[in-house]
Amino acid sequence: MTQQKAVLMNANHELTDANIEVPTPDAKDVLVKIQAVAANPVDVKQLESRDGQSAPQILGYDAVGQVVALGSSATKFQIGDQVFYAGAVNRNGSFQEYQVVNEDLIALKPVEITIEQAAAMPLVSLTAAELLFEKMHVIAEANANSGNLLVINGAGGVASVLIPLAKWAGLTVTATSSPKKFDYLRQLGVAQPIDYHADAEITISDLPDNSFEYVVSLFDITPYWSDVTRLVAPLGHVGTIVEFPNDLAIGKLKNKAASFDWEFMFTKSLFHVDEASQGQILTQIAALIDEHAISAPQITTYTGLNAANITAMLDQLKTGHTTGKLVLTI
């Protein structure tokens, strides 16, 4: 069998270099020769929580590459197509030279951006689009909405797509970050950057009650909960993607009849529910990029598939101060 390079996690929650067999696609899979990958907080979480012995042992949930083989029932793509995708958390990921992935989860790469930029897009795009358009019921059309969105932790990877999508859809965006990232927030489309520091001149505690139809927390929502429940408008939506360590007083949303929305983009592939919608979302994202309606996020690039590089990327994510996305070319 043909061998390939891969980065595996071991029982000590460490990443190691390995040579393994190239996987064989199942019926609905395509086999992709990977050209670039991106790192995400979910990689950190999986590395810290898995035992490193049970499958899957390969992390990585963002990739761009070329289709080199098709499963017996795969019909959506052709050999040679350049595709991008986020894969599935219950299968081996993209930190390898070749990956098998269900054809429903992938889309053709946007033409107008580089391989590196495309690798940064899938997971954050799916997360942002599912949260905005499926959970919060924002209409996924240009300028089809009105209202205000508050984004807590506005300079990270998901925010780098969520904010431009929200602006494209017609929302006015307020977002928190450190002041040194305010210019970046404005480039994304934020109308009002807010300093996340508690002792800042203006914080989210100074914003008016009931002023946001949509509130998204891309950080532990617990310390912000009192402000979130005060700021969300009646019949509004509060959404998050981050688990929180303590219980929330969810009853504070009752009188406003506000909804609490969880977003986890791997739910569809874990439970085999509406998987084709992810390929459809990525196709729409690619079209928006190629039409210059939204842009790829800011990226920092690493070169070479090895455990040292990926460990360095995950260590950077652990600091909580990454702007945009971290990408590795293979």
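Out of the trypsin sites (Lys or Arg not before Pro) in the range 217-285, which ones are loop residues according to DSSP with at most 10 other C-beta atoms within 10 Å?
Hits after loop and neighbour filter: LYS254.
Express the relative contact order of the range 1-76 as a whole percentage, based on alpha carbon pairs under 8 Å and six or more residues apart in sequence.
Dividing the mean separation by the residue count of the range 1-76 yields 39 percent.
Work out from phi, with θ = phi - 60° and the Karplus expression 6.51 cos²θ - 1.76 cosθ + 1.60, the ³J(HN,Hα) of each residue of the range 195-208, listed in order in whole Hz, and give x for Gly and Pro.
Once θ is set to phi - 60°, the couplings for the range 195-208 become 5, 7, 5, 5, 9, 5, 5, 10, 10, 5, 5, 8, 6, x Hz.
For the chain, what is the accessible area per residue in Å², given a 1.4 Å probe and the full set of protein chains?
Each residue of the chain exposes 43 Å² on average to a 1.4 Å probe.
Grab every C-alpha pair in the range 206-307, bin the distances at 5 angstrom width from 0 up to the longest one, and report whole percents.
Values per bin, smallest distances first: 2, 10, 14, 14, 14, 16, 16, 8, 3, 2, 0.
Taking the Cα centre as origin and putting +1 on Lys and Arg beta-carbons and -1 on Asp and Glu beta-carbons, what dipole magnitude results for the chain, to the nearest 20 debye?
Dipole size: approximately 120 debye.
For the range 186-226, what are the per-bin percents of Cα-Cα distances with bins 10 Å wide, up to the bin holding the maximum?
All Cα pairs, binned at 10 Å, distribute as 21, 59, 19 percent.
Past 25 Å, Cα to Cα, is the threshold; run LYS180/LYS268; LYS268/LYS325; LYS76/LYS167; LYS109/LYS318 against it and keep the listed order.
Over 25 Å apart, Cα to Cα: LYS180/LYS268; LYS76/LYS167; LYS109/LYS318.
Name the GluC sites (Glu not before Pro) in the range 102-208 that are in a loop by DSSP and that have at most 15 other C-beta atoms within 10 Å, would you?
GLU112, GLU141, GLU201
Given charges of +1 on the Cβ of Lys and Arg and -1 on the Cβ of Asp and Glu, with all other atoms neutral, how large is the dipole of the range 212-330 about its Cα centre, in debye to the nearest 20?
Dipole magnitude for the range 212-330 comes out near 280 debye.
Using a 1.4 angstrom probe on heavy atoms only, work out the carbon and sulfur share of the accessible area of the chain in %.
That share works out to 50 percent.
Taking the Cβ of GLN35 as the center, what net charge do the other residues with Cβ under 14 Å away carry, scoring Lys and Arg +1 and Asp and Glu -1?
Taking every Cβ under 14 Å from that of GLN35, the sum is -1.
Counting DSSP beta bridges with both partners in the chain, what percentage is antiparallel, nearest 5?
About 55 percent, rounded to the nearest 5.
Grab every C-alpha pair in the range 262-330, bin the distances at 10 angstrom width from 0 up to the longest one, and report whole percents.
All Cα pairs considered, the percentages come to 17, 28, 41, 14.
So what J values fall out for the range 74-91 if you push phi through Karplus, 6.51 cos²θ - 1.76 cosθ + 1.60 with θ = phi - 60°, rounded to Hz, Gly and Pro as x?
7, 10, 7, 9, 10, 4, x, 5, 9, 10, 9, 5, 10, x, 9, 6, 9, 10
In the neighborhood of GLN278, defined by Cβ-to-Cβ distances under 10 Å, what is the net charge if each Lys or Arg adds +1 and each Asp or Glu adds -1?
Value of the local net charge: -3.
Starting from the Cα gyration tensor of the range 136-210, multiply each eigenvalue by 5, take the square root, and state the resulting semi-axes largest first in whole Å.
Whole-Å semi-axes of the equivalent ellipsoid: 22, 14, 9.
For the chain, state the average projected area of the convex hull of the C-alpha atoms over all orientations, rounded to one decimal in nm².
16.5
In the range 249-298, what GluC sites (Glu not before Pro) fall in a loop by DSSP, with at most 13 other Cβ atoms inside 10 Å?
GLU291
Add +1 for every Lys or Arg and -1 for every Asp or Glu among the other residues with Cβ under 15 Å from the Cβ of GLU116, and state the total.
0
Step through the residues of the range 152-165 one at a time and calculate ³J(HN,Hα) from phi using the Karplus curve (6.51 cos²θ - 1.76 cosθ + 1.60, θ = phi - 60°), rounding each to whole Hz and writing x for Gly and Pro.
Here the 3J(HN,Hα) series is 8, 6, x, 10, x, x, 4, 4, 5, 10, 4, 5, x, 5 Hz.
Looking at the square roots a ≥ b ≥ c of the eigenvalues of the Cα gyration tensor of the range 1-154, which shape do they give, rounded for a/c under 1.5, prolate if a/b is larger than b/c, or oblate?
Oblate is the answer for the range 1-154, as a/c is 1.5 or above yet b/c matches or exceeds a/b.
The values are calculated or read from the model by the stated rules, or taken from the named source; none is laboratory data. Quantities reported herein were computed from a predicted structural model and do not represent experimental measurements. So basically every Cβ, Gly included, is an ideal-geometry build from the backbone, and we count neighbours across all protein chains shown. For the accessible areas, the whole protein counts, side chains as well, though only heavy atoms, and no ligand, DNA or RNA atoms are used. Shrake-Rupley method; radii C 1.70, N 1.55, O 1.52, S 1.80 Å.
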